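Notes to accompany the following structure.
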Amino acid sequence: MSDRKLLVRISRMMLTGLLAGTFYIGDAMSSAATISDLSAHTSRQLSSLSKPYLGSGYGHALLKSLHAFQEGHGPDALYVFWDPNCIYCHMLYEMLQKNPAVWEKLTVHWVPVGLIKPTSMAKAATVIVGGMPALRQDENQFNRIGESGGAAVSTSPKTIAEARENTVVLIRLMSDHGTKVIATPTLWYPQGHWIKTGVPPSLAILLAALRHTPGSGDDRDLS
């Protein structure tokens, strides 16, 4: 299936409400499985992928297409695909906020997406418009029992479309990498050419992985 047909197929499924929870990519994009709670299928640690991510020239156009905002001013740029109803995204957020010195080393580009619950896309749209204040509201009011973020539900077609566009990019990244499961949080480090899903075991391991580039002789990983 061509890239254009792949994205058209994904977009149609998203528009008809089929993309909620974990998204399974079939060989011909013929099946999508939905669940009410992604947390049962998301690892608490970053999963180790079997090959370096796609090469140094990949993804520049995708980066430009994202509706994202940044936190921090460090030299390492990390893209975090984040669902407002994702408890593991909440865990990652708390890990970063408890270590403010990290922002001297790291710039996080938060990319709101809608995967987990029916409200996820509309909440992601609210956060795209509101930026970091809206993301902080979502996280500060996160309900761990119900696994639901505190962001308001947007009714703006424009911003909901932007949240869908972010989600399509995440699906495209994982599809190009060869994985069949789309989950959050997903961490993309273009400088190091890798992409991982889940929460790192520690901040120290995350920062060490950011310094690793395939071919450097450094075999540190996030698993």
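Every read-out reported here was derived from the displayed coordinates using simple, explicitly stated rules and does not represent laboratory data. A quick note: this is a predicted structure, and the numbers were derived from the prediction, not measured. All Cβ positions, even for glycine, are placed from backbone atoms using ideal geometry, and neighbour counts span all protein chains on display.
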Exercise. Hey, got the Cα dimensions of segment 112-170 along the principal axes, in Å, largest first?
Worked result: 28, 21, 20
For this session: Work out, step by step, the length gained on full extension between GLN70 and VAL129: first 0.36 nm times the residue separation, then minus their alpha carbon distance; give nm to one decimal.
Result: 19.9 nm
Problem set entry | Under-5 Å amide H pairs with THR107, H placed in peptide plane, nonlocal only | GLY74, ASP76, ALA77, LEU78
Seminar exercise, completed: Computed on Cα atoms only, the convex hull of segment 65-149 has an orientation-averaged projected area in nm² of 5.3 nm²
Exercise. At q = 0.26 Å⁻¹, what is the log10 ratio I(q)/I(0) for segment 131-203, with the Debye formula run over Cα points and no solvent?
Worked result: -1.22
For this session: At q = 0.32, 0.34 Å⁻¹, work out log10 I(q)/I(0) for segment 143-185 with the Debye formula, treating every Cα as an identical point scatterer and leaving solvent out; two decimals please.
Result: -1.02, -1.08
Seminar exercise, completed: At R0 = 35 Å the Cβ-Cβ FRET efficiency linking ILE205 and VAL153, nearest 0.05, sits at 0.50
Exercise. How far is it, in nm, from the label point at LYS180 to the one at ASN143 when both lie 7 Å from their Cα along the line to the Cβ?
Worked result: 3.4 nm
